[in-house]
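This report concerns only the one structure given below.
The values are calculated or read from the model by the stated rules, or taken from the named source; none is laboratory data. Predicted model only: the values in this text are computed from it and were never measured. All Cβ positions, glycine included, derive from the backbone under ideal geometry; neighbour counts span all protein chains shown. With ligands, DNA and RNA removed, areas are computed over all heavy atoms of the protein, side chains included. Shrake-Rupley method; radii C 1.70, N 1.55, O 1.52, S 1.80 Å.
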Amino acid sequence: MQVILLERIAKLGQMGETVKVRDGFARNYLLPQGKALRANEANKKRFEAERATLEARNLERKSEAQTVADALSGKSFIVVRSAGETGQLYGSVAARDVVEILGAEGFNIGRNQVELNTPIKAIGIHQVTLHLHAEVELSVELNVARSAEEAERQAKGESLTSADAIYGVDEDALRPEDFFDPDADMDEGDDA
């Protein structure tokens, strides 16, 4: 199906271009979302008549997105989750969680604006890309840790995926003598 784009769409085209897309993509996404019009003579004339208004609206949306991007750039957010000793989370951090975290800080971001191909399933510092507008994209840092103290330690560059890092115990230095007394005699009742 041929459509006229009413806004820039990544990997598809710029505003005003006539592009060929699959029928389902046009019917289910582009047309209902108001991102495109069917390419026919009446719609081409309608687009040319409304072009200035559409460009002004697009510029306004871009400037709003740029304002939010400027406020978010360079920010790091701490996410506290339960995790095992190896750093594996018992749950995960998905796009929905990123939206909630940003919302708690006062940023109104939609779930479809968060680019997270797979959920975060391990503690550590992760970069998450946000698409605020077709032309405005930024990356924020999520510090996923078991506690706020661990998040501070992670931010300083410390790895928290070993017992030494978590408990202050050097796993390689442990010996059996540390746990068992080799000189202890077995009780007479324990000679099974």
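Inter-label distance, Asp70 to Glu115: 2.3 nm, where each label sits 7 Å from its Cα along the C-beta direction. Fully extending the segment from Leu54 to Ala94 would add 11.0 nm, taking 0.36 nm per residue of separation and subtracting the current Cα-Cα distance. Here each label is just a point 7 Å from Cα along the line to Cβ, and for Asn40 and Glu141 those points are 5.4 nm apart.
Dividing the mean sequence gap of close Cα pairs (under 8 Å, 6+ apart) by how many residues region 20-111 holds gives a relative contact order of 12 percent.
Highest mean packing first, where packing is the average number of other Cβ atoms within 10 Å per residue, the peptides 48-56, 31-39 line up as 31-39, 48-56.
Taking all Cα pairs closer than 8 Å and separated by 6 or more residues, the relative contact order of region 73-165 comes to 34 percent.
Of the whole protein surface, Ser82 contributes about 80 Å² of accessible area at a 1.4 Å probe radius. When the solvent-accessible area of region 73-165 is split by element, carbon and sulfur atoms take up 43 percent of it, the probe being 1.4 Å. Extension gain, Ala122 to Ala155: 0.36 nm times the residue separation minus the Cα-Cα distance gives 10.4 nm. Other residues with beta-carbon under 12 Å from the beta-carbon of Lys156 carry, at +1 per Lys or Arg and -1 per Asp or Glu, a net charge of -3. Summing charges over neighbours of Ile123, with a neighbour being any other residue whose Cβ is under 9 Å away from its Cβ, gives +1 when K and R count +1 and D and E count -1. Other residues within the sphere of radius under 12 Å centred on the Cβ of Gly84, judged by their own Cβ, net out at +2 (K and R +1, D and E -1). With Cα atoms defining each centre, region 10-67 and region 81-113 are spaced 32 Å apart in the structure.
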